[in-house]
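So the structure is just underneath, and the comments pick up after that.
The values are calculated or read from the model by the stated rules, or taken from the named source; none is laboratory data. The structure displayed is predicted, hence computed values, not measured ones. All Cβ positions, even for glycine, are placed from backbone atoms using ideal geometry, and neighbour counts span all protein chains on display. Side chains included, ligands, DNA and RNA excluded: accessible areas come from the protein's heavy atoms. Shrake-Rupley method; radii C 1.70, N 1.55, O 1.52, S 1.80 Å.
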Amino acid sequence: MTKKELLLYTLLSFYFFFLGNSILSITSPDEGRNLYAASYMLQTGHFLTPMFNCHFRFEKPPMLYWVSDLLFLIFGVHVWLARAVSGLSAFIIGIFTYKIAKDIYNLENPFYAPLILFTITHLWIESRAYVPEMLLTAFEIISIYYFLKEKTTLGYIFMGFATLTKGPVGTAVVLMVIVSLKRDINFIKKLFDIKGILLYILFGWGWYIYMVYRYGFYYIYKFFIRNNIDVYTGQKNIHLYPFYYYIIVLLIALILWIPWFYSFLKEYIKDKNKTATDMLIWSLVVLLFFTLSKNKLHHYIISIYVPISIFISIYASKKLIKLNLLLSSLLLFVLFVLAYRYESERFVPKAVSIIKAQKLPVYYDNAHLSAMVYYLNTCIDSLPEYTPKRYFVISKNPPQDMKGYKLLTKGIEFDGTYYLYEKN
């Protein structure tokens, strides 16, 4: 990028990926679990075994926690800083989107591709969420770039980082994409880079080897079998959606470009642009891989926006890109206003202020909010059979179902209405 382009890209990144990332307090379940695990590591100095709510958190590897803890050591623990990990990841994704468009495919206007990323509504949300998907995608895209540049050692290193961020999926996506794009036996042979493979094992699997050594088959079962194989095959049913789920996600994310896709495809059919073909192949590989998974979540496919942005950049005019950037800016501002209003109705900030004012035990009853565990910096159990005389209860049960309890406050979260009760 030229200095002018880099300045413009940085300013737009601040608005689309960082600004307003603390309007909402920490949400449940993922943000609360992740931030508690990271802050617990910092408080105890135990950086190898993640914990949440007094239990091992074997579901996720530690890269997200380590990156945010490094920032916390320098700047202190803040919600906006935790979420900035995703914002910085989005910034890096845009840089390497540009580099792929320019260095690999020699596009005439490579700067268009990262600009189009700013218009994808899905990335506005993910860049402001303290979850591992943006960091994972950043490592995947960097790895793909270096593999395509045939710098295999660097490709393996960043593929290792991706694996340490989310698990084997970080390896699977990278390998499927680069093999699909290269389609060359000589390139496959170059992947047998002993130095690169050893560094990949060290950075990508060193921590997993330690965890298996430390916790044995229990860790293998919890992470590799239960949280990866069983989730993909559907043996563990947690996010069951129909096969067309990701089509709906893409339609929402690309809403500003949907009216133009027909004309883009018509142009593609005419010119059969090789770069456009590669981007369609890349997109379809990612889409198919995650569609075949029985359990689906919207942020699993965010790496697909890189090839889609490059594809659009080939056919979209500068005038159209500017128009959609303007519309995106206005739409994002509206979302800021809605988020601010939503925060005023949320349960978590209301309940935290009440509970912190009194040192009483807190229990769950038909409820679970990981954000409460983080903000209160304590473990919260389900309501036991034998209780102290006075205590708080966090519940989804309405007042008519909680006889003998005093309602202190109520509020909404993404999964419904919660109530805070006190038992005297």
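A few notes on this one:
- Residues in the range 124-150 that are farther than 30 Å from I185 by Cα, in contact with a Ser or Thr (Cβ under 6 Å, 6 or more places away or on another chain), of a type in the set (A, V, I, L, M, F, W, C) and open to solvent by less than 10 Å² (accessible area, probe 1.4 Å): M134 only.
- Residues (buried (at least 18 other Cβ atoms within 10 Å of the Cβ), more than 13 Å from the chain's Cα centre (by Cα), part of a helix (DSSP H, G or I) and not charged (D, E, K, R)) located in the range 30-64: G32, L35, Y36, A37, A38, S39, Y40, M41
- Unique residue being among the aromatic types (F, W, Y), open to solvent by less than 60 Å² (accessible area, probe 1.4 Å), farther than 21 Å from D278 by Cα and part of a helix (DSSP H, G or I) when the list is Y210, Y232, Y219: Y219
- Complete set of residues in the range 346-360 that are part of a loop (DSSP other than H, G, I, E, B) and either open to solvent by 60 Å² or more (accessible area, probe 1.4 Å) or closer than 16 Å to I23 by Cα (or both): Q358, K359
- Those residues of the range 65-83 which are over 16 Å from V373 (Cα atoms), open to solvent by 50 Å² or more (accessible area, probe 1.4 Å), out of contact with any Ser or Thr (no Cβ under 7 Å at 6 or more places or on another chain) and not aliphatic (A, V, I, L, M), in sequence order: W66, F75
- Residue identified as over 22 Å from T121 (Cα atoms) and of a type in the set (D, E) among D30, D69: D69
- Checked against the criterion of being within 30 Å of the chain's Cα centre (by Cα) and open to solvent by less than 30 Å² (accessible area, probe 1.4 Å), the range 391-405 has at least one qualifying residue.
- Condition check for T121 on (1) surrounded by fewer than 22 Cβ atoms within 10 Å (Cβ to Cβ); (2) out of contact with any Leu (no Cβ under 9 Å at 6 or more places or on another chain); (3) closer than 20 Å to S283 by Cβ: one failure, at (2).
- In the set (1) over 30 Å from I220 (Cα atoms); (2) open to solvent by 30 Å² or more (accessible area, probe 1.4 Å), the condition left unmet by L175 is number (1).
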